[in-house]
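We did not get these values from a lab; they are worked out from the coordinates using the rules stated. As the structure is a prediction and not an experimental result, all values here were calculated from the model. Neighbour counts are summed over all protein chains in view; Cβ atoms, including those assigned to glycine, are modelled from backbone coordinates with ideal geometry.
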Amino acid sequence: MERFQNTGQPDWDWWSKLWPTPGATLWKLGIKSGESVAEVGCGSGYFALPAARIAEPGSVYAIDLDEALLAELDRLADQQNIGNVVPIHGDARNLTAVLPERVDTLVVANTFHGIDDQAGFVQHAFDAIEPGGRLVVINWHERPRETTTVGGEPRGPPTELRMKPGETEDTVLSAAAFVFDRQVDLPPYHYGLVFER
Ligand SMILES: C[S@@+](CC[C@H](N)C(=O)[O-])C[C@H]1O[C@@H](n2cnc3c(N)ncnc32)[C@H](O)[C@@H]1O
């Protein structure tokens, strides 16, 4: 298993300054009660844990190749009494093999920029989502890294890996038969794109 480029889990101190209300972000992006969700590259669960609270009683499959981050996610889920999150140790390149079932919503947060074969990933994602389900991509805006500061420090992936919303949309739509639904502004530095399968 090999990590995608520039996809280390951010420290929660500055991450929580940038995303004070991850649950509200997921609501905006259409995550609903009762649906099944998978998050690819979930890290220690900054989005997967609030997703589990929203999706309950639906399952949230939290996929990452870093076992230490998954152990932390598991510990936090126990501490917060969240019983519907399922940590999965695996490579997102083998999405259909690592997921036990197709999901209603697949979330890729702060990870898409680093995927080596984005078209191949999108094709697997299409197969991993139920017909009528959704793919949600959260990306950093394509701004110079030195201008995306949090706590006085430049943050996020290198400028050259960042993607404009239109570029992400074209990459997804040219790889598989998704239909573009909407773009959601996630200030100050992010956007979300929702695709229907
Ligand atoms: C930038 S972090 C984002 C974490 C979380 N999605 C968030 O937004 O808070 C990217 C995560 O993707 C994981 N990752 C990188 N390459 C991966 C791969 N090939 N398969 C599964 N997870 C991967 C990393 O271990 C890391 O936890």
Out of the stretch 1-54, which residues are within 11 Å of the ligand (Cβ to nearest atom), within 23 Å of Gly132 (Cβ to Cβ) and not hydrophobic (A, V, I, L, M, F, W, C)? Thr25, Glu39
Here's a check for you: in the stretch 15-33, which residue that is in a loop (DSSP other than H, G, I, E, B) and not hydrophobic (A, V, I, L, M, F, W, C) is nearest to the chain's Cα centre (by Cα)? Gly30
Against the condition more than 12 Å from the ligand (Cβ to nearest atom) and surrounded by fewer than 21 Cβ atoms within 10 Å (Cβ to Cβ), how does Thr105 come out, does it pass? no
Determine whether the stretch 66-83 contains at least one residue that is in contact (Cβ under 8 Å) with a residue 24 or more places away in the chain, near the ligand (Cβ under 8 Å from one of its atoms) and more than 25 Å from Met163 (Cα to Cα). yes
Out of all the residues in the stretch 114-149, which are free of Cβ contacts under 8 Å to residues at least 24 places away in the same chain and among the charged types (D, E, K, R)? Arg145, Glu146
Report, by residue number, each residue of the stretch 166-180 that is of a type outside the set (D, E, K, R) and either at positive phi or crowded, with 17+ Cβ neighbours inside 10 Å (or both). Thr168, Thr171, Val172, Ala175, Ala176, Phe178
Report whether or not Arg93 is within 10 Å of the ligand (Cβ to nearest atom) and basic (Lys, Arg). yes
Output for Cβ contacts, cut-off 6 Å, separation at least six or different chains, first residue part of a loop (DSSP other than H, G, I, E, B) in the stretch 1-14, second among the charged types (D, E, K, R) and more than 8 Å from the ligand (Cβ to nearest atom), reads none
Considering only the stretch 151-171, I want to know if a residue exists there that is part of a strand (DSSP E or B) and in contact (Cβ under 8 Å) with a residue 60 or more places away in the chain. yes
Name the single residue, out of those in the stretch 145-197 being closer than 24 Å to His124 by Cβ and among the polar types (S, T, N, Q), that is farthest from the chain's Cα centre (by Cα). Ser174
Of all residues in the stretch 141-197, which are aromatic (Phe, Trp, Tyr) and over 18 Å from Pro22 (Cβ atoms)? Phe178, Phe180, Phe195
Can you tell me which of (1) crowded, with 16+ Cβ neighbours inside 10 Å; (2) within 27 Å of Ser59 (Cα to Cα) is the one Thr148 doesn't meet? (2)
